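Laboratory data are not the source of any read-out in this text; all were calculated from the coordinates shown. Worth saying up front: this structure is predicted, and the values here are computed from it rather than measured. Glycine also receives a Cβ, built like all others from the backbone with ideal geometry; neighbour counts cover every protein chain displayed.
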Amino acid sequence: MPWQQKVTFLLGQPIGVSFVNGTGTTGVLCGISEGKLLVMEYLYQAQFALKQYDVYTIQDINGFPRCPRP
């Protein structure tokens, strides 16, 4: 499934983002607006930042798997 179709299902969820340049990031998917994917990322201690990534730089997005039960 193309990543653009996953956005609706993954809103508000933790995601991994892979970029076309081979790098990646993680965070909570906040939405998509004006050609940018909006991801809330953890910085340090209690600091977070809303990052904006151009959609043409994104290769794929995936939701985090559930944790295994102990």
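Note on region 10-23: among residues that are in a strand (DSSP E or B) and within 9 Å of the chain's Cα centre (by Cα), the one that is farthest from Pro65 (Cα to Cα) is Ser18. Mind listing whichever residues of region 22-70 are within 13 Å of Gln4 (Cβ to Cβ), touching a Lys or Arg at 6+ places or on another chain (Cβ under 9 Å) and of a type in the set (Val, Ile, Thr)? Within region 22-70, Val55, Ile61 meet the criteria. Filtering region 1-17 to residues that are under 23 Å from Gln47 (Cα atoms) and crowded, with 16+ Cβ neighbours inside 10 Å leaves Leu10, Ile15, Val17. One residue stands out in region 25-40 among those that are closer than 18 Å to Gln59 by Cβ and either among the hydrophobic types (A, V, I, L, M, F, W, C) or within 9 Å of the chain's Cα centre (by Cα) (or both): the one that is surrounded by the most Cβ atoms within 10 Å (Cβ to Cβ), namely Leu37.
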